[in-house]
Amino acid sequence: MMEALDIFASAGLWAAVLRIATPLIFGTLGALICERSGVLNLGIEGIMTFGAMIGWMTVYHGGGLWAGIAVAALSGAMFGLLHAAMTVPLGLSQHVTGLGITLFASSLSYYIFRLSIPVSGSPPTIVPFQPIAIPGLSDIPFLGEALFSQTAPTYLAILLAVVAAIALARTPLGLAVRIVGENPHAAEAQGIDPIRLRIGAVVVGSALMAVGGAFLTLSAFNSFFPTMVQGRGWVCIALVVFASWKPARALLGALLFALFDAYQLRLSHVVGKAIPYQLFLMIPYLMSILALLVMARRARVPQALMQPFRRGER
Amino acid sequence: MIRLDRRAHVSLAARIGAPIAAVIVALALAGILIALAGAPVLEAYRRMLIGAFGSRLSITETLTRTAPLILTGLAAAVAFRARLWNIGAEGQFLVGALAAAALGSQHGLHLPAPLLIPALMLGGAVAGALLLLGPLMLRLRFGVDEVVTTLLLNFVALLFVSMMIEGVLKDPLAFGWPQSVPVVGDALLPKLLPRSRLHIGLLVAVGLALLVALVQARTVFGMESRAAGLNPAAARFAGIGLTRILVLVACLSGGLAGLAGAIEVMGVKGYVTTDLSPGFGYTGIVVAMLAALDPIGVVFAALFVATMFVGADSMSRALGVPSFIADVIVALSLLAMLVALSLANYRIRR
């Protein structure tokens, strides 16, 4: 019993929390931006997979790590554009289109990967992002190791959550996105073009999703393998609801979720074989469902979420 | 200015033409990827056709692949028609397979073959239905969107299967491989053709497609489930018990997916592994959409998807194009189909 509690006293746990949370922060912010404008993007799982693949591939073929991130973001934006083109002007089912994007983006990832990397026993690797020690802060005992020895994209993710929170709440663009997600007809009356704004939001949000995927291959791990995203995209969709569509809460939700994930991993080592390891691995998914259950009635859903906007039609 | 007007009625020609156009577009786009792999595109497609239909063996393999896809396609079609977003057919397939393996093993039910096979099918269907009733309850009681819960449960189901086949259901004779105990001989489905893997599961699947078509066209339940999908508010106003309809639809949808898993165990493998399904559940969504949610159309859409998968395997061996091209074609057909359907539903007016 004491051992189960001792886990919380290890700096390694808290360092892992930030690491595990990073792709979720990117993905959840991406999904949140799409949904605040009124578009559900279930392409997230596939877009994260493609970002993981293309980011890794860029670095493997000699590109820099930040180039990998940039290429991933660009690819995410392209898939976002496809999703937006089908769901916004054409008004197609956001559910089915999103699932189609996920199937397309993930199968294309596997195809391109298999085409350029021949089958081998051990997957090829790259040199990933290294932890940045922040001068002064990293030397603080415990806290330094736990919080201030992360790789650059992790700091970027946290910064981005703050920026997104301020941008959504305090800037004219953020206000426009929110109006379009609540009442596109009112937005149009204000001189905002709901179609353009939604397309823009989905493109930006999808780029962030792909960066979240790229973090997996460029920082958390150093290689790409199929199915590595493991439902993280769906977890992000659940976290958006948990966060009640607010960026700051999304950051909190991702960290809380990562804490459970990091803890279950260490707990399963402490417990050993007495309890099957699969039960521990189920925890993140069950936690996501629980998060949905707790927040379902309380969350403030954008009123025009999943409602296509047609000019002159109500 | 260009305007889109909704058509009052979509003609049969448009309903048949849309999927054909979608498939052609998908094949053309995938052709670019095949060319990128340095392979001749038309030759690749010719090899895919030969791989799927070129011999007695390949035809029976394609049809063996079609059976589970018909069932998961029906699972998605009946649910989507009632606007129940069941994206969990993958998980329902797996628990259905596990239930059939557990009940059909030496330590399971002891029944003569004519009773055992239907009992195991029912067991698989019940397991699949139960896995969908959970998310439906969460939606009806707490307003939780079932899309995300059914998606997340796919991963839980896979881990559960993994736990069982490394635990109580582990086959001690499998040299340490994680696979379940095999089902008894009486539980194996009779073959349709000798010296092939093709089993009577295909007849069950086609029969159920006809039955679902009949139920949807001719019964009150069929009409009510359609009304529940088209306009829930109006349906409620007309006195249709939405909860009851959705529960029945969930039992049918989850049951069909679970049955697909049971049939795959009893007809093909004889036991469960975690890679029993190469994405049958997710692909079922594509099958349903290609068929425009029509149960008879599902049979043909499933045959098309099975052709792609079986054909791509053999083309890949011959030309070195990664067999993932089949997944790309299937995904592209879904996206193209969505666009084609909307074009068939609207006409452009200047």
- prompt: Is it fair to say B:Leu343 is within 12 Å of another protein chain (Cβ to nearest Cβ), of a type outside the set (Ser, Thr, Tyr) and farther than 18 Å from A:Leu103 by Cα?
  reply: yes
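Give, as residue ranges, the helices (runs of 4 or more DSSP H) completely inside region A:147-240 that count at least 1 residues that are within 14 Å of chain B (Cβ to nearest Cβ). Talk me through it step by step, then tell me what you get.
Details: elements: A:152-170, A:172-182, A:184-189, A:194-215.
Per the criteria, A:194-215.
Would you confirm, using the coordinates I've provided, whether B:Gly123 is of a type outside the set (Phe, Trp, Tyr), more than 14 Å from chain A (Cβ to nearest Cβ), surrounded by fewer than 22 Cβ atoms within 10 Å (Cβ to Cβ) and under 30 Å from B:Val310 (Cα atoms)?
Numbers: of a type outside the set (Phe, Trp, Tyr): yes; more than 14 Å from chain A (Cβ to nearest Cβ): yes; surrounded by fewer than 22 Cβ atoms within 10 Å (Cβ to Cβ): no; under 30 Å from B:Val310 (Cα atoms): yes.
So B:Gly123 fails the test.
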query: Pairs, please: C-beta under 7 Å, at least 6 apart or cross-chain, first residue hydroxyl-bearing (Ser, Thr, Tyr) and in region A:31-58, second not in a helix (DSSP H, G or I)?
result: A:Thr49/A:Val229
message: Condition first: outside any loop (DSSP other than H, G, I, E, B) and surrounded by 15 or more Cβ atoms within 10 Å (Cβ to Cβ). Now tell me which residues in region A:291-314 satisfy that.
response: A:Ala291, A:Leu292, A:Leu293, A:Met295
task: Could you list all residues from region B:190-232 that are assigned to a loop (DSSP other than H, G, I, E, B) and within 25 Å of B:Arg81 (Cα to Cα)?
output: B:Thr219, B:Asn231
Of all residues in region A:176-194 being buried (at least 17 other Cβ atoms within 10 Å of the Cβ) and hydrophobic (A, V, I, L, M, F, W, C), the one that is nearest to A:Pro308 (Cα to Cα): A:Val180
message: Being under 19 Å from A:Tyr285 (Cβ atoms) and either within 10 Å of the chain's Cα centre (by Cα) or of a type in the set (S, T, N, Q) (or both) is the filter here; which residues of region A:210-228 pass it?
response: A:Gly212, A:Gly213, A:Thr227
task: Identify, from the list A:Ile54, A:Ile47, the residue that is buried (at least 24 other Cβ atoms within 10 Å of the Cβ) and in contact with a Gly (Cβ under 7 Å, 6 or more places away or on another chain).
output: A:Ile47
- request: Find the residue count for region B:200-238, including only residues that are under 15 Å from the mean Cα position of the chain (by Cα) and over 13 Å from B:Leu74 (Cα atoms).
  value: 2
field: Residues that are free of Cβ contacts under 8 Å to residues at least 24 places away in the same chain, small (Gly, Ala, Ser) and more than 26 Å from B:Ile59 (Cβ to Cβ), drawn from region B:175-217
entry: B:Gly176, B:Gly185, B:Ala217
- request: Consider B:Ile285 carefully, then state whether it is among the β-branched types (Val, Ile, Thr), within 13 Å of another protein chain (Cβ to nearest Cβ) and buried (at least 24 other Cβ atoms within 10 Å of the Cβ).
  value: yes
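Would you confirm, using the coordinates I've provided, whether A:Gln264 is more than 10 Å from chain B (Cβ to nearest Cβ), surrounded by 17 or more Cβ atoms within 10 Å (Cβ to Cβ) and without any contact (Cβ under 8 Å) to a residue 40 or more places away in the chain?
Yes: the conditions hold for A:Gln264.
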From the options A:Leu81, A:Leu90, residue that is hydrophobic (A, V, I, L, M, F, W, C), under 24 Å from B:Val339 (Cα atoms) and modelled with pLDDT under 95: A:Leu90
message: For region A:59-117, which positions are within 17 Å of the chain's Cα centre (by Cα), more than 10 Å from every other protein chain (Cβ to nearest Cβ) and hydrophobic (A, V, I, L, M, F, W, C)?
response: A:Ile69, A:Ala70, A:Val71, A:Ala72, A:Ala73, A:Leu74, A:Ala77, A:Met78, A:Phe79
message: Quick check on region A:268-284. Is at least one of its residues in contact (Cβ under 8 Å) with a residue 24 or more places away in the chain, outside any helix (DSSP H, G or I) and more than 12 Å from every other protein chain (Cβ to nearest Cβ)?
response: no
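Have a look at B:Ile245, B:Ile240 and point out the one that is over 27 Å from A:Ser107 (Cα atoms), modelled with pLDDT under 95 and surrounded by fewer than 21 Cβ atoms within 10 Å (Cβ to Cβ).
Values: B:Ile245 fails: surrounded by fewer than 21 Cβ atoms within 10 Å (Cβ to Cβ).
Within the list B:Ile245, B:Ile240, the selection yields B:Ile240.
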Qualifying residue in region A:297-312 (condition: closer than 21 Å to A:Ala152 by Cα, aliphatic (A, V, I, L, M) and more than 10 Å from chain B (Cβ to nearest Cβ)): no
task: Would you mention how many residues in region B:182-232 are more than 24 Å from B:Leu252 (Cα to Cα) and among the charged types (D, E, K, R)?
output: 4
message: Just to be sure I understand, how many residues within region B:262-294 are assigned to a loop (DSSP other than H, G, I, E, B), under 17 Å from B:Leu202 (Cα atoms) and over 11 Å from the mean Cα position of the chain (by Cα)?
response: 1
query: Which members of region B:143-180 meet the condition of being touching a Pro at 6+ places or on another chain (Cβ under 7 Å), among the hydrophobic types (A, V, I, L, M, F, W, C) and surrounded by fewer than 22 Cβ atoms within 10 Å (Cβ to Cβ)?
result: B:Met163
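Each row is one residue, and each column tells you yes or no for (1) surrounded by fewer than 22 Cβ atoms within 10 Å (Cβ to Cβ); (2) under 30 Å from B:Val247 (Cβ atoms); (3) not hydrophobic (A, V, I, L, M, F, W, C).
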position: B:Ala39; (1), (2), (3): yes, no, no
position: B:Leu42; (1), (2), (3): yes, no, no
position: B:Ala79; (1), (2), (3): no, yes, no
position: B:Trp85; (1), (2), (3): no, yes, no
position: B:Gln92; (1), (2), (3): no, yes, yes
position: B:Gly96; (1), (2), (3): no, yes, yes
position: B:Pro135; (1), (2), (3): no, yes, yes
position: B:Leu138; (1), (2), (3): yes, yes, no
position: B:Arg141; (1), (2), (3): yes, yes, yes
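If only one of B:Ala35, B:Ala79, B:Ala101 is away from every other protein chain (no Cβ under 14 Å) and modelled with pLDDT of 95 or more, which one is it? Walk me through how you get there before you give the answer.
Numbers: B:Ala35 fails: away from every other protein chain (no Cβ under 14 Å); B:Ala79 fails: away from every other protein chain (no Cβ under 14 Å).
Matching residue, one of B:Ala35, B:Ala79, B:Ala101: B:Ala101.
This table checks each residue for (1) under 21 Å from B:Cys251 (Cβ atoms); (2) small (Gly, Ala, Ser).
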residue: B:Leu74; (1), (2): yes, no
residue: B:Leu84; (1), (2): yes, no
residue: B:Ala89; (1), (2): yes, yes
residue: B:Leu94; (1), (2): yes, no
residue: B:Leu103; (1), (2): yes, no
residue: B:Gly108; (1), (2): no, yes
residue: B:Pro118; (1), (2): yes, no
residue: B:Ala127; (1), (2): yes, yes
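Of everything in region B:315-338, what is surrounded by fewer than 24 Cβ atoms within 10 Å (Cβ to Cβ) and more than 7 Å from chain A (Cβ to nearest Cβ)? Give them in sequence order.
Of the residues in region B:315-338, the ones surrounded by fewer than 24 Cβ atoms within 10 Å (Cβ to Cβ) are B:316-320, B:322-324, B:336, B:338.
Correct list: B:Ser316, B:Arg317, B:Ala318, B:Leu319, B:Gly320, B:Ser323, B:Ala336.
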message: Restricting to region B:292-314, give me the number of residues that are in contact with a Phe, Trp or Tyr (Cβ under 9 Å, 6 or more places away or on another chain) and within 13 Å of another protein chain (Cβ to nearest Cβ).
response: 2
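Specify which of the listed residues (B:Val144, B:Val168, B:Val156) is under 18 Å from A:Trp234 (Cβ atoms), assigned to a loop (DSSP other than H, G, I, E, B) and within 14 Å of chain A (Cβ to nearest Cβ).
Details: B:Val168 fails: under 18 Å from A:Trp234 (Cβ atoms); B:Val156 fails: assigned to a loop (DSSP other than H, G, I, E, B).
After ruling out the rest, the residue left standing is B:Val144.
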message: Return the pair list, or none, for Cβ contacts closer than 6 Å from residues in region B:245-268 that are under 16 Å from B:Leu74 (Cα atoms) to residues that are of a type in the set (Ser, Thr, Tyr), at least 6 apart or on different chains.
response: B:Val249/B:Ser225; B:Ala257/B:Thr72; B:Ala260/B:Thr72
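The values are calculated or read from the model by the stated rules, or taken from the named source; none is laboratory data. The structure presented is a predicted model; accordingly, all values stated were derived computationally and were not measured. Positions of Cβ are backbone-derived with ideal geometry, glycine not excepted, and every protein chain shown enters the neighbour counts.
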